[in-house]
1. Using the Cβ atoms and a cut-off under 15 Å, what net charge is assigned to the surroundings of Phe127, where Lys and Arg are +1 and Asp and Glu are -1?
2. When Lys and Arg each count +1 and Asp and Glu each count -1, what net charge do the other residues less than 13 Å away from Ile167, Cβ to Cβ, add up to?
3. Starting from the coordinates of the alpha-carbon atoms of region 89-164, obtain the Kirkwood hydrodynamic radius over all distinct pairs and give the value in Å to one decimal.
4. Tell me which lysines have Cα within less than 23 Å of Lys96's Cα, excluding those fewer than 8 residues away on the same chain?
5. Sort Arg136, Arg97, Arg177, Arg124 by Cβ crowding within 10 Å, fewest neighbours at the top.
6. If we count other beta carbons within 10 Å of each Cβ, what is the order of Ile167, Ile101, Ile184, fewest first?
7. Please work out the FRET efficiency for the pair Phe46 and Ala100, using the Cβ-Cβ distance as r and a Förster radius of 22 Å; give the result to the nearest 0.05.
8. What order do you get for Val217, Val180 when you list them from fewest to most C-beta neighbours inside 10 Å?
Amino acid sequence: MITMPNVPKLPGVPTLTSYAGSAPVLAVADAIIVANALLTPHWGLFLNGQQILPTPTSFFGTPSSFAAAGINVPSLQIPSILGPLGNTNTAAVDFKREWAISDYPQEDGAFQSYDKVQIPKEVRLRFSAGGSLTNRKALLDAVDSAATSLNLYKALTPDAQYDSLNITHYDYHREARGGVGLLIVDVWLIQVVVTAKPAFSSTATPAGSSSTNGGSVQTQTPASANIPALPPSALQ
């Protein structure tokens, strides 16, 4: 129990506010804030700064659950490293980056290398969900919705982040012999290289400018000089 000093109310002595009654609340708030800094999710798939996979799960509670206690903290999310504590989490991350070197044959079976081309990056994320059928279905629905879209996602890991990714494949495998309550889904993503669209203006000739759609075109009668003459056999 915290004992507050007895400070007399005398001229020039500031008033000492007692925090004895709120000490437990402040201690809990400090512990939650520290936990929030330590348990911030560093694994997953994000779109416009929002985590979409795995489905964020509250660990300590939501802000409304602490409102009655006078604690104003953000909702804490389970990091995937805690695994079984969360309903859904990121179980693994694989990354691949490679280049292709072009060769052409020469005499006597020799080859000459002349170019090195970068191949788009590939990322594989493994998500898991357990606890209930609702959790497993929520993960499958979220993965399917993300896979069928044309959005460009960001894969975030504790070590690096990979931008401009789109899902090309996902699958899962379950057996009755083990992992009955645990669903593991593998998601493959590939980098989409976004390039600028060329635009031409003030070209040397009208043929070099970009075509535009719109407006109306008036019909014109072709000049007789542009109409080819038909051979007499075609008129019979």
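FYI, it's all coordinate maths here, none of it is from the lab. These numbers were taken from a predicted model, which means no experiment stands behind them. Cβ atoms come from the backbone with ideal geometry, glycine included; neighbour counts cover every protein chain shown.
1. Cβ neighbours under 15 Å give a net charge of 0.
2. -2
3. Averaging 1/r across every pair of different Cα atoms and inverting gives 16.1 Å.
4. Here the lysines satisfying the reach criterion relative to Lys96 are Lys116, Lys121, Lys154.
5. In order of increasing Cβ crowding within 10 Å: Arg177, Arg97, Arg124, Arg136.
6. Least crowded to most crowded, the residues run Ile101, Ile184, Ile167.
7. FRET efficiency, Phe46 to Ala100: 0.15.
8. Val217, Val180
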